[in-house]
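Shown next, in structure tokens, is the structure this report addresses.
The values are calculated or read from the model by the stated rules, or taken from the named source; none is laboratory data. All figures in this text were calculated on a predicted structure; none of them were measured in a lab. Cβ: placed from backbone, ideal geometry, glycine included. Neighbour counts: every protein chain shown. Just the protein is used for accessible areas: all its heavy atoms, side chains included, with ligands, DNA and RNA removed. Shrake-Rupley method; radii C 1.70, N 1.55, O 1.52, S 1.80 Å.
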Amino acid sequence: MEQQKTDILSMTLPELTAALRAMGAPAFRAKQIFRWMHVQRVFDFAGMTDISKQFQAELDGRFCINPPKIAQKLASSLDDTVKYLCTLHDGSCVETVRMVYRHGVTACISTQVGCRMGCAFCASAPLGLVRSLTPAEMLGQIYALDADFPEQPVTGVVLMGIGEPLDNYDNVMQLLRLLSAPEGRNMSLRHVTLSTCGLVPRIRQLAGEGLPLTLSVSLHAAEDGKRSALMPVNRAYPLRELLDACAEYFRVTGRRVTFEYAVIAGKNDTDADAASLGRALRPLFPQQRPHVNLIPVNPVQGTGFAAGHAAEFQKKLEKQGINATVRRTLGADIEAACGQLRRNSLKGQGGEQH
Ligand code: SAH
């Protein structure tokens, strides 16, 4: 059996330096190779022209470079949003979205193939988790977008695609190291947002990492019974614990946590829902108003949920002392396929279970 090759695109520069030193290479070699991959975006050793053929062959014997490949593209006819289906080296696929704002280009990347959090409104939930993505597979989604629009590279990243980033904690931390490496992609983590359904111990762990990223918590209801019905994770980590963790995140990092709220008609958009949200969030951050991003739920077949009126609910929240923005629905025509591009592609392969 062929020995498994090491995923070199997932290695930080210090890790690569140590690995190459063990092969007898000089220290500058690691930097050269790191730059080939993360700056020049050359993903085969033969293309690294300042490295001898002999050492290229040695590298090839030990390491693999497996960035995701774009399999399908769906461009919005309403704005510049593009949705991608990316194929991974084992044939799995995930979705990536490129969104253009006035201040830059944001990549919405997936962190897992599928998800095991089971949210009732989500297109990925019924399919379950296949596996977590490697750091290279997450970073590679950003690189694929850079390559597709070389004139307008990605300036910000949101970990809001398929998967639960805190359920893939170590690889996500490694992704953040790679993304912010000065010798590599050199992106400030101030331009990165991590979205979670609320894995409390991991939120506390993240607070201790000392990273300047924005944490966004998917709330969707501020009353335990209701939230548990929408998000099973709430049974393990109920609201009190989740909100305490958010307060701690603010205390430790000085950064206010933001909240996502998918407005579902008749389920979480009443005056009582706004009032419970107000009670839950107002005490959270001293001297700062909490901020909620509202989005009308994308109706997913089989869930029975319909989009609520986000602007109406926004008014209800303002009365409760909560700042709320209705997320600009970029690519409204293709956004409706959130998580469903992968679902449909699985259907095509006969892999659809539901
Ligand atoms: N697992 C993470 C990140 C991926 S989901 C999280 O839960 O935050 C990204 C966002 O999309 C989350 O806020 C999630 O609740 C939301 N979402 C999932 N399905 C949706 C749908 N059908 N309509 C609107 N938002 C949805």
Original post:
Could you say which residue among V130, V154, V172, V105 is over 23 Å from P212 (Cα atoms), out of contact with any Lys or Arg (no Cβ under 6 Å at 6 or more places or on another chain) and of a type in the set (V, I, T)?
Top reply: V130
**OP:** Restrict the check to the range 105-116 and report whether at least one residue is of a type outside the set (G, A, S), open to solvent by 30 Å² or more (accessible area, probe 1.4 Å) and within 11 Å of the ligand (Cβ to nearest atom).
**Re:** yes
Original post:
For V158, are the conditions met, namely being crowded, with 20+ Cβ neighbours inside 10 Å and within 13 Å of the ligand (Cβ to nearest atom)?
Top reply: no
**OP:** Say whether the condition of being within 16 Å of the ligand (Cβ to nearest atom), buried (at least 20 other Cβ atoms within 10 Å of the Cβ), in the same structural domain as M173 (by TED's automatic domain parsing) and not in a strand (DSSP E or B) is met by at least one residue in the range 89-100.
**Re:** no
**OP:** Report whether or not A324 is small (G, A, S), assigned by TED's automatic domain parsing to the domain that holds D80 and in a strand (DSSP E or B).
**Re:** yes
Subject >> Meets criteria (surrounded by fewer than 23 Cβ atoms within 10 Å (Cβ to Cβ) and assigned to a helix (DSSP H, G or I)) for D60 >> reply: yes
Original post:
Where in the range 189-281 are there helices (runs of 4 or more DSSP H), lying wholly inside it, with at least 2 residues that are away from the ligand (no atom under 16 Å from the Cβ)?
Top reply: 200-207, 224-230, 239-253, 271-281
**OP:** Return yes when L20 is of a type outside the set (V, I, T), over 25 Å from P150 (Cβ atoms) and open to solvent by less than 10 Å² (accessible area, probe 1.4 Å) and no when it is not.
**Re:** yes
Original post:
Of the numbered conditions (1) modelled with pLDDT of 95 or more; (2) surrounded by fewer than 18 Cβ atoms within 10 Å (Cβ to Cβ); (3) not β-branched (V, I, T), P68 satisfies every one except a single condition; which is it?
Top reply: (2)
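Yes/no per residue for (1) charged (D, E, K, R); (2) at pLDDT 95 or above; (3) under 22 Å from Q141 (Cα atoms); (4) touching a strand residue (DSSP E or B) at 6+ places or on another chain (Cβ under 6 Å):
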site: M1; (1), (2), (3), (4): no, no, no, no
site: A19; (1), (2), (3), (4): no, yes, no, no
site: A30; (1), (2), (3), (4): no, yes, no, no
site: F43; (1), (2), (3), (4): no, yes, yes, no
site: I51; (1), (2), (3), (4): no, yes, no, no
**OP:** For the range 125-148, indicate whether the set of residues that are open to solvent by 10 Å² or more (accessible area, probe 1.4 Å), aliphatic (A, V, I, L, M), within 11 Å of the ligand (Cβ to nearest atom) and part of a loop (DSSP other than H, G, I, E, B) is non-empty.
**Re:** no
Subject >> Residue that is surrounded by the most Cβ atoms within 10 Å (Cβ to Cβ) [pool: residues in the range 162-188 that are within 13 Å of the ligand (Cβ to nearest atom) and hydrophobic (A, V, I, L, M, F, W, C)] >> reply: I162
**OP:** Take V233 and decide whether it is of a type in the set (V, I, T) and open to solvent by 40 Å² or more (accessible area, probe 1.4 Å).
**Re:** no
Original post:
Regarding L178, is this residue in a helix (DSSP H, G or I), touching a residue at least 40 places away in the same chain (Cβ under 8 Å) and closer than 23 Å to L9 by Cβ?
Top reply: yes
**OP:** Please verify whether the range 288-307 includes one or more residues that are within 14 Å of the ligand (Cβ to nearest atom), hydroxyl-bearing (S, T, Y) and open to solvent by 20 Å² or more (accessible area, probe 1.4 Å).
**Re:** yes
Subject >> Qualifying position, being among the small types (G, A, S) and free of Cβ contacts under 8 Å to residues at least 40 places away in the same chain, among S228, S218 >> reply: S228
